[in-house]
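What follows is a single structure, written as structure tokens, with notes after it.
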Amino acid sequence: MTSQTAAALYPAHLETLSARAAVALERGGFDHLVVPSGTLHYQIFDDRDYPYAANPQFKAWVPLVRNPDSWLVFTPGERPKLVYLQPRDYWHVVPDAPSGYWVDHFDIEVVRNPDDALQHLPRNATRCAILGEAQSALGRYGAFAPNNPQPVLDYLDYHRAFKTPYELAMMREANRRAVRGHRAAERAFRAGASEFGIHLAYCQAVGEDANELPYNNIVALNTHGAVLHYTERDRLPPKPVRSFLLDAGASHGGYAADITRSHAMDRGGEFQAFIDAIDRAELAMCDQVRAGVDYRQLHLDAHLALSGVLNEFGIVTCGAEEAVATGLSSSFFPHGLGHGLGLQVHDVAGFAASDAGGTIDKPEGHPYLRLTRELAPGMVVTIEPGLYFGAVLMEDLAASDNARLVDWDRVDAFRPFGGVRIEDNVICTDGAPVNLTREEFAALA
């Protein structure tokens with residue numbers, strides 16, 4: 001993504017945010033929107049800070065992700081203001097002066113001390129919707145403290161699902177970076193690297209360290225691929241190396257990519273065929289990301305499709321419909337099909353009934369689904385079906401009535417490979433979906 005592209009798209013993005021904020025303030029009965037960037041958290045009994053993460057409500061307005069103790073102020077009818085902390089400090093690197101395509105759209109006040117921001121914020125905190133964490137409070141006795149009014153959050157979070165062209169461009173760049181990392185990681189895997197070595201190769205290719213990535217990389221060899229959130233990263237590879245699952249993303253300007261790929265060391269073996277079958281099913285699911293589609297139905301349809309794969313490979317002895325009806329499919333596919341994506345990996349308001357609040361329930365028997373809304377143009381979602389042969393899942397299945405519907409010899413044949421997950425980032429449009437991830441893999445081929 002070029003700076004010219006960002007410069008061209010950003011003004012309309014800011015206009016959209018301003019319009020949304022004006023409505024949200026009216027809903028909540030406030031005059032000003034005030035958003036702290038967040039502060040550093042320190043470990044108890046120590047002077048070490050945890051990795052800083054910018055407030056998503058802040059980085060929606062400005063592409064600043066390394067600037068704690070700064071503030072955004074929006075008042076309808078006025079230019080937005082940025083209070084920018086640039087301390088005098090000889091212990092740490094001081095942030096550069098604000099620069100880039102976005103600065104001309106703000107009134108910018110530079111402060112040298114976090115407390116100095118208070119003089120640049122609205123005088124009456126009670127007239128402000130202040131969105132952030134409690135420890136961002138300023139003033140005597142923390143008088144200027146985040147209040148996070150629900151009507152304001154409900155409106156802003158609901159509409160954040162609909163990405164502006166600027167946001168889509170940022171997410172495309174995040175996908176481009178992540179795809180570079182996935183290619184490098186596969187090369188490292190095939191060269192015999194450990195999980196830790198693969199992780200380092202990924203970070204090098206993406207150009208981001210572990211704290212800059214949008215989430216903790218899942219780098220899993222062999223049976224570790226059956227642990228849904230495996231993050232241990234062994235320093236030595238197993239012997240033999242059979243399979244590799246990588247769930248890893250990248251960030252750009254505060255926006256996330258979230259991509260998963262699975263690989264077999266033996267490209268001509270049965271496990272590669274199993275991966276290929278899931279990949280075909282995943283592509284068909286991605287094609288259903290269309291306006292008006294209920295994401296809950298996509299999730300249920302995914303169970304049917306994956307049950308067909310289990311039957312095709314002789315792992316279950318019943319038909320796909322029975323596997324879904326009995327809950328058998330959930331023993332192999334225990335998580336949700338995907339989630340919203342944007343400023344956060346699991347973007348907010350996945351269950352929102354409207355911009356005034358309310359909740360759309362998950363389908364019965366599917367507690368881990370993170371998105372229940374109807375899809376609409378501008379939404380970006382992940383599609384990430386998976387099938388796993390983890391010890392806990394298979395032990396529980398063996399103890400259930402559904403054990404009779406499983407060929408356990410076939411399960412044992414797949415156990416050493418862990419599992420498979422394929423994940424793409426897909427834009428819902430007025431027509432056919434746009435698969436950001438597949439397009440970037442094709443461009444890098």
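Looking only at residues in region 370-418 that are among the small types (Gly, Ala, Ser) and in a loop (DSSP other than H, G, I, E, B), the one that is most open to solvent (accessible area, probe 1.4 Å) is Ala399. Taken together, the residues in region 187-209 that are surrounded by fewer than 22 Cβ atoms within 10 Å (Cβ to Cβ) and in contact (Cβ under 8 Å) with a residue 60 or more places away in the chain amount to 1. Thr231 meets the conditions (1) part of a loop (DSSP other than H, G, I, E, B); (2) touching a residue at least 40 places away in the same chain (Cβ under 8 Å); (3) closer than 29 Å to Ala201 by Cα; (4) of a type outside the set (Asp, Glu) in every case but one. The failed one is (2).
If you go through region 151-164 one residue at a time, do you hit one that is surrounded by fewer than 18 Cβ atoms within 10 Å (Cβ to Cβ) and touching a strand residue (DSSP E or B) at 6+ places or on another chain (Cβ under 9 Å)? There is no residue in region 151-164 that is surrounded by fewer than 18 Cβ atoms within 10 Å (Cβ to Cβ) and touching a strand residue (DSSP E or B) at 6+ places or on another chain (Cβ under 9 Å). Screening region 21-30 for residues that are of a type outside the set (Phe, Trp, Tyr) and over 12 Å from Ala60 (Cα atoms) and picking the one that is most open to solvent (accessible area, probe 1.4 Å) gives Glu26.
Pairs linking a residue in region 86-98 that is within 18 Å of Leu72 (Cβ to Cβ) to a residue that is open to solvent by 60 Å² or more (accessible area, probe 1.4 Å) and aliphatic (A, V, I, L, M), with Cβ atoms under 6 Å and 6 or more positions apart or on different chains, are Gln86/Val110. Picking from residues in region 228-281 that are under 25 Å from the mean Cα position of the chain (by Cα) and open to solvent by 60 Å² or more (accessible area, probe 1.4 Å), the one that is farthest from Gly336 (Cα to Cα) is Asp234. Among residues of region 399-414 that are farther than 23 Å from Asp266 by Cβ, those with a Cβ under 7 angstrom from a residue that is in a helix (DSSP H, G or I) and not hydrophobic (A, V, I, L, M, F, W, C), sequence gap 6+ or separate chain, pair up as Asn402/Ser331. Taking the conditions (1) in a helix (DSSP H, G or I); (2) crowded, with 22+ Cβ neighbours inside 10 Å; (3) within 22 Å of the chain's Cα centre (by Cα) in turn, Ala284 satisfies each one other than (2). With respect to the conditions (1) free of Cβ contacts under 8 Å to residues at least 12 places away in the same chain; (2) closer than 22 Å to Arg415 by Cβ; (3) open to solvent by less than 30 Å² (accessible area, probe 1.4 Å), Gly142 lacks only one, and its number is (2).
Just checking, does region 58-70 include any residue being more than 22 Å from Gly139 (Cα to Cα), among the small types (Gly, Ala, Ser) and in contact (Cβ under 8 Å) with a residue 12 or more places away in the chain? Yes: one or more hits. Residue under question is Val293, and the condition is that it be within 17 Å of Asn425 (Cβ to Cβ), buried (at least 23 other Cβ atoms within 10 Å of the Cβ) and not hydroxyl-bearing (Ser, Thr, Tyr); does it hold? Against the criterion (within 17 Å of Asn425 (Cβ to Cβ), buried (at least 23 other Cβ atoms within 10 Å of the Cβ) and not hydroxyl-bearing (Ser, Thr, Tyr)), Val293 does not qualify. When you look at Arg20, is it more than 23 Å from the chain's Cα centre (by Cα), basic (Lys, Arg) and modelled with pLDDT of 95 or more, yes or no? Judged against the criteria, Arg20 is not a match. Comparison of Gly327, Gly336, Gly308, Gly342 shows that the only residue that is outside any loop (DSSP other than H, G, I, E, B) and not basic (Lys, Arg) is Gly308.
Yes or no, residue by residue, for (1) modelled with pLDDT of 95 or more; (2) in contact with a helix residue (DSSP H, G or I) (Cβ under 6 Å, 6 or more places away or on another chain):
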{"residue": "Leu72", "(1), (2)": "yes, yes"}
{"residue": "Asp89", "(1), (2)": "no, no"}
{"residue": "Val103", "(1), (2)": "yes, no"}
{"residue": "Phe106", "(1), (2)": "yes, no"}
{"residue": "Val111", "(1), (2)": "yes, yes"}
{"residue": "His120", "(1), (2)": "yes, no"}
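Of the numbered criteria (1) surrounded by 13 or more Cβ atoms within 10 Å (Cβ to Cβ); (2) more than 20 Å from Glu208 (Cβ to Cβ), the one Asp89 fails is (1). When region 339-352 is filtered for residues that are open to solvent by less than 50 Å² (accessible area, probe 1.4 Å) and more than 24 Å from Asn175 (Cα to Cα), only Ala352 remains. Annotation note: of Leu33, Leu9, the sole residue that is surrounded by 22 or more Cβ atoms within 10 Å (Cβ to Cβ), more than 22 Å from the chain's Cα centre (by Cα) and not polar (S, T, N, Q) is Leu33. Does Ser307 qualify as being open to solvent by less than 30 Å² (accessible area, probe 1.4 Å), under 17 Å from Gly225 (Cα atoms) and hydroxyl-bearing (Ser, Thr, Tyr)? Considered against the rule, which asks whether it is open to solvent by less than 30 Å² (accessible area, probe 1.4 Å), under 17 Å from Gly225 (Cα atoms) and hydroxyl-bearing (Ser, Thr, Tyr), Ser307 comes out as no.
With respect to Glu133, is the statement that it is in contact (Cβ under 8 Å) with a residue 60 or more places away in the chain and either touching a Pro at 6+ places or on another chain (Cβ under 9 Å) or open to solvent by less than 10 Å² (accessible area, probe 1.4 Å) (or both) true? For Glu133, the condition - in contact (Cβ under 8 Å) with a residue 60 or more places away in the chain and either touching a Pro at 6+ places or on another chain (Cβ under 9 Å) or open to solvent by less than 10 Å² (accessible area, probe 1.4 Å) (or both) - is met.
Within region 358-369, at least one residue is part of a loop (DSSP other than H, G, I, E, B), crowded, with 18+ Cβ neighbours inside 10 Å, among the charged types (D, E, K, R) and at negative phi.
The values are calculated or read from the model by the stated rules, or taken from the named source; none is laboratory data. Because the structure is a prediction, the values reported are computed rather than measured. Methodologically, a virtual Cβ is constructed for each residue, glycine included, from the backbone with ideal geometry; neighbour enumeration extends over all protein chains shown. Heavy atoms of the whole protein, side chains included, go into the accessibility calculation; ligands, DNA and RNA do not. Shrake-Rupley method; radii C 1.70, N 1.55, O 1.52, S 1.80 Å.
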